[in-house]
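The values are calculated or read from the model by the stated rules, or taken from the named source; none is laboratory data. All values derive from a computational prediction rather than experimental measurement. SASA here: full protein model, heavy atoms, side chains in, ligands and nucleic acids out. Shrake-Rupley method; radii C 1.70, N 1.55, O 1.52, S 1.80 Å.
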Amino acid sequence: MSESSEKLRQRVLNWLEDNVPIARLDHILRVEQMAIALAQHHDVEPELAAQAGLMHDLAKCFKPKQLLKMAKAEGLALDPVDEAAPHLLHAEVGAIVARDTFGVDNTPVLDAIRNHTLGRPGMSNLSCVVFLADCLEPGRGNTQELNRLRQLSYDSLFAAVDYTCEYSLRRLLENRRLIHPRTILTRNWFLESSRSQSQDLLRSGSTAVV
Ligand SMILES: [Fe+2]
Ligand SMILES: [Fe+2]
């Protein structure tokens, strides 16, 4: 990127002040902080995590019509759930705003913005970090379950994404909200991957003992 990170951050903050309410801005800043902390812990580039965290909700307050219009203009393949609940498109559209308004051309950062709500099977560690920070930042609550997920997000990224998807799915069911099929695909991929990861660890652990 041609502009320094600090200048870009300031430009994004100025834009957010005009385009999202203060409570949303506070959430965004907490996501930025948690994404940086998780990135540092998991050997992900903290500067990229900070950028994606700061820009993940750029389109959060866009009207449903605008979200649909921008997604269609971009040629995105829409699921019927996207059409019924266009709010879910704020992640994809946020990446469009990051690219077109702020000149972000780093694909992993744009993907992390795109993936922050529904995840994606096989998504990068950077995307996992932003996905988890969005769902688990301190402002989301202080229940035992959330605190366990926060701890897990430091212990194992893959297991944390799996359990966080299950947490979100349970909440969607309880509130009788539409479920996007990608949330299920993400959960299945991370369930299987975290299982095989822990089997690998067990195997390497037992080899070490032998
Ligand atoms: Fe969001
Ligand atoms: Fe968010």
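Here are some notes:
- Percent accessible area from carbon and sulfur atoms, the chain, protein chains only, probe 1.4 Å: 52
- Helix 90-102 and the longest principal axis of the C-alpha atoms of the chain enclose an angle of approximately 60°.
- Cα-Cα separations in segment 44-109 greater than 20 Å, expressed as whole percent: 28
- Calculated [θ] (222 nm, deg cm²/dmol) that DSSP helices of n ≥ 4 give over the chain, each run adding -39,500 (n - 2.57): -23500 deg cm²/dmol
- Residue order for Cys135, Cys61, Cys165 - accessible surface, 1.4 angstrom probe, largest first: Cys61, Cys135, Cys165
- Angle between the chain longest axis and helix 22-42 axis [Cα atoms, degrees, rounded to 10]: 40
- Surface/4 of the Cα convex hull for segment 5-209, nm²: 12.2
- Considering only Val97, Val130, Val109, the Gaussian network model of the chain with Cα springs below 10 Å gives its largest mean-square fluctuation to Val97.
- Rounded accessible area of Thr117 (nearest 10 Å², 1.4 Å probe): 50
- Largest GNM mean-square fluctuation among Leu152, Leu54, Leu67, using the chain with Cα springs under 10 Å: Leu152.
- Segment Thr143-Lys72, length gained on full extension (0.36 nm per residue, minus Cα span): 21.7 nm
- The chain: angle of helix 46-55 to the longest principal axis, Cα-based, in degrees nearest 10: 50
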